[in-house]
Every structure is written in structure tokens, then in C-alpha cells.
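Since every read-out is calculated from the coordinates, none of them should be taken as a lab result. Predicted, not measured: the structure shown is a model, and the values here were computed from it. Counting neighbours? That spans all protein chains shown, and the Cβs are built from the backbone with ideal geometry, glycine included.
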Amino acid sequence: MKNTNIIPRDGALESPWQKEIALISHVASSLTGDYDCLIVGGGITGLTAALLLQKAGKQTIIADAHCIGFGTTGGTSAHINTFADTTYKEVESAFGEEGAQLFADAINEAFGLIRKNIDHHQIDCDYESKPGYLYAENGDEAKLLDDIYNGAIKVGVAAAYTSEVPTPVPFKKALLFHGQAQFHPLKYLTGLQKAYLAAGGVIRENTTVEKIKQKESLHISGDIRARAVIYATHTPPNINVFNFECAPYRSYVMGVKLRSGKYPDALIYDSQEPYHYVRTHNIDGEQLLLVGGLDHKTGHEDPEKAFAELEKYIRKYYHISDVKYRWSSQYYVPVDGLPYIGKMPMAADGIYCATGYNGNGMMLGSIAGQILADLAAGKQSPYEKLFDPGRIKPVDSFSEFVKENADVAYHFVADRFGLHKTDSLKRLEKGQGKLVEVNGKKIAAYRDQDGTIHALDPVCTHAACIVNWNSEEKSWDCPCHGARYDTSGNVLTGPATKSLAKINTESQP
């Protein structure tokens, strides 16, 4: 049974992917019993792993705290590349020539897996092959481009210098990567979901897995029992080693109409820090230019300002007739540049996870699904050592490790001071959220459009940092480890698993 409601996402802003999609309503015939594998999370990693395991004859169940596609897969800009944010030269420097080659092989295999799924399961997801362009605007960026070119060629990734890029931005040097691609991420995810259900897979939405108990060879969560568990939750829940090895970032995207009606038929990237990315997609029968960038650590900057700066950048180079969409999404940056995929450190045997995809979730999420499916089935993967979550950090990543965790410590202490004192919650405008102090008590307060105040304890339930208000996505975001909550205090994204405590404001002035 299908309907055409908008698929919910982990933020108030609507992405174009949510609108043009049909939800799949399903009732699982069997929810209890023993499973070969419990997959926690219904994004691209979880569904890829679950489908592969189910097709291999394993009985699996997906548990998602919200619904399929609710998280980052529903907010991605959906670029599919043969290169990644961490360059092949950077990987070679930290993990050697063999590591760089394995990284390239993994990305190439992920690319092929996406294409294979689309062909085999006949998924109509707007998949298109496009050329990719990466350009430099100054001398320093041009040197970086040379490093990227040399690193790509060394691992067999086709790249070439070019003097033509379909961009209005002046540039000094540019690279061309043939055979890149793009698609509609939620149409692809829905295709995987249909195939998974047809193969006998079970899905339980609105099911939060807070912790796993172990009894002999079984892992138990509520009434679900499984021989293996895969955390495909973008970052594993609760306190764990990844809180110190991955930093949460948000990226901003706008979908705009151009007056000229001429849209670039390519994937385009500049070399700024953070970089901008551009592509075209047809949504509801109309062409849109999707432009993203202005990334910053979650809960650290003003999202309103980020969108304003992104729109300013777009208007500088393009003649816009209308801004149709604006939304943001979250990703995790690993301290040593590579994702963590495999057996979860300091956990029982049979528990696996994947996190730290940087800005490359479509490729790395897909290969993570393949790796995790292999490991959960008792097989080996050629990539398990490279992406091993328990690996020792390369020496040159130590300074980044110290910097990120010093930042966490700073916010843990500093955010307990300097809250906006106010003599009344009445000053809150409709649609506004704010950290306030009333009668000596710190409150995360939001007034909805009906005038009702939603007051919450601002202490994040994950690691006790103080949350900050995200005025664009209407969420409370933790600046330490990226947990996010809605205006009622419910968890939107982990690693938190418990809601913010509600505060009664009836006695407040």
C-alpha cells in the first residue's frame, strides 16, 4: 500500500528528495524470534547490508528509531564520485601506497554496487552519469589540484587537466573526472527497501535500540534476538570511542531556479575550505541548480548566517529567479581521514558498525554495507584492515585528534556560562528558540506558532554538554558530539538515545 505523503527528515526544512517519493507502508508478518542479524538504522548503509545478507540466505531485521530515509540519506546532495574528500595522496601519506590503492578500490566497488543494484532491481532513481570538474581559483589551490591529480593517477583513477569547466567562476586550473554520477537518494533507498521486503526481510520503524544485552550467542534488544548486530546509524549510539575520533559537521544546500534556463550538465567542485559543490537535478518536472557548502561543526555557527552566505555566493555567479529549497544535513569527519567500518571496539563479538564517511556518504555508505554484510556472515573483506574501527591512528592525525577533543572539552565547560539571562519567557517570539536562565535555572525554550512554550533541560543526554538552538532546522544541536533533538526534546539524531527532559513552565514568570 502506498501514499504520497512527504517522507519525514531529521530537520524542519524540506529537501527536494522528500517530496517526490512514495512511502511504503508495510506490516511485518513476524516481529519476534531469532534473526541472523539485526541492522540498526534504515539509511543507505543499513539497507545495503540488510539486502545483501537477506539475498545470501540470512534472516535479518532492520530497526529504525524513526523511518526509512529519515537521517542523512534523506538530506544528502547525492553525488557519486570516484574520488573522496580525503585525497588519495593524503591516504598514501597516512596508510601507505597499499592503503591508497585499497581506498580507491573500495570507492570503485561502491560505485559498481550502486549501479548493480539499480540494474538488477530495476530501480528508477534518476541515475545519470556525469563528468566531474574540480577547479582551483588561486596558486595554493592549484598546487593542491596537482597533488589530487598525481594521487588519482597513481591508484588508477582516471583524471585529466582541462581548460573548460561549465562554471561562471573564474579559475586558474581544473581537473576533469569522467564517469561520475548522480541520483535521487530516496528513490534509490525505496528501491532497496522494496527488494529487501520482497526477499523476506523485516522492518520495524519507530524502534529505538538503546543498548544490546548478550545471552550466550545471542544479542538481545527488547524482543529482538540476533546472532549479529550492525549499527548503521551514522554514528553508533551512546558513549563510545567514536565520540573522540569523529567530529560532527553540517553542510548547507540550496535548490534554485536560473533565469537563463541553462543548467550545467556536470558535477562541479571548487577547492575552497570548506568547498562548494554544484549540480543539476530535475524535480517535479523542473530543473534545479543544487549548490552546497559553508560546512561547519554542528552546533558551533549560526545556520541562518550560513544560508545567507551560501545564497550570497550563488547570486554572485548565477542569475536566480527563485529559491525553491534550502536544507542542511550532517556528516562525521574521521580524525585520520578514513571511515571506521567493521567490528565495534570494546564490544562483544558479532557487533559491527560504520561511521566517519566525511562528505562521501553515498559511496562509503554503500561499501560499508558490503563490508558489514560480509563480516556479519562470517566472511572476510579485503578492506576490513584498512577501515578497522580499532586501528591505531597514524601519527600525523594526532594533532587533529587533540584539536577536536579540546574543542569538545571547551564546550562542555564554557557553554554552562554566558546563557542569555531574561526576566521572562514572554520575550520569546513565535518560532524562536533560545537558551535562557529563569530564576537561576537554565532552560532550552521554544515558542511554537500557537504561542505555546516548550521548555527543556538543555543538558544533552549523551555526554552532558549544553545544546544550542538551530534556528533553520528548528532543532537543539549538541556542539560536542552532534546529537540533535526536536522542539519537544525527542532525539532526531544520535549518538543520544534519550530525550531531553521537559521542564514545567507554569510557575515561571
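Some points to look at:
- Ranking of 15, 129, 471 by count of other Cβ atoms within 10 Å, fewest first: 129, 471, 15
- Per-residue extension of 0.36 nm, minus the Cα-Cα distance of residue 6 and residue 490, leaves a gain of 172.2 nm for this segment.
- Taking all Cα pairs closer than 8 Å and separated by 6 or more residues, the relative contact order of the chain comes to 17 percent.
- Those GluC sites (Glu not before Pro) in region 192-246 that DSSP places in a loop and that have at most 12 other beta carbons within 10 Å: 210, 216
- Helical contribution to [θ] at 222 nm, DSSP H n ≥ 4, -39,500 (n - 2.57), averaged over the chain, rounded to 500: -8500 deg cm²/dmol
- Debye equation applied to the C-alpha atoms of the chain, log10 I(q)/I(0) at 0.09, 0.12 Å⁻¹: -0.63, -1.15
- Separation of alpha-carbon centers, region 299-332 and region 46-95, rounded to whole Å: 26
- Within region 420-493, percent of DSSP bridges classed antiparallel, to nearest 5: 90
- If R0 equals 51 Å, the separation of the Cβ atoms of residue 296 and residue 199 corresponds to a calculated FRET efficiency of about 0.80.
- Fraction of alpha-carbon pairs over 15 Å apart in region 420-493 - percent: 49
- Sites residue 317 and residue 213 - FRET efficiency at Förster radius 45 Å, r taken between beta-carbons, to 0.05: 0.25
- Given their separation in residues at 0.36 nm each and the Cα-Cα distance between them, residue 427 and residue 348 gain 23.4 nm when the chain is fully extended.
- Across 343/393; 215/498; 213/343; 441/474, pairs whose alpha-carbon gap is larger than 19 Å: 215/498; 441/474
- Pairs over the 26 Å Cα-Cα cut-off, from the set 143/257; 187/430; 211/434; 89/130: 143/257; 187/430; 211/434.
- Label-to-label distance, residue 380 versus residue 273, with points set 7 angstrom from Cα along the beta-carbon direction: 3.9 nm.
- Loop-resident sites, region 431-504, for trypsin sites (Lys or Arg not before Pro), counting at most 12 other Cβ within 10 Å (DSSP): none
- Within the chain, DSSP assigns beta bridges of which about 75% are antiparallel (rounded to the nearest 5).
- Region 123-208 pair-distance distribution - Cα-Cα, 10 Å bins, rounded %: 15, 29, 21, 18, 15, 2
- For the pair region 133-154 / region 163-215, the C-alpha centres are spaced 26 Å from each other.
- Partner aspartates and glutamates for residue 502 [C-alpha distance under 13 Å; skip if fewer than 8 residues away on the same chain]: 457, 486
- Among 453, 44, the ranking by other beta carbons within 10 Å of each residue's beta carbon, starting with the fewest, stands as 453, 44.
- Calculated FRET value between residue 121 and residue 437, using beta carbons and R₀ = 56 Å, to 0.05: 0.55
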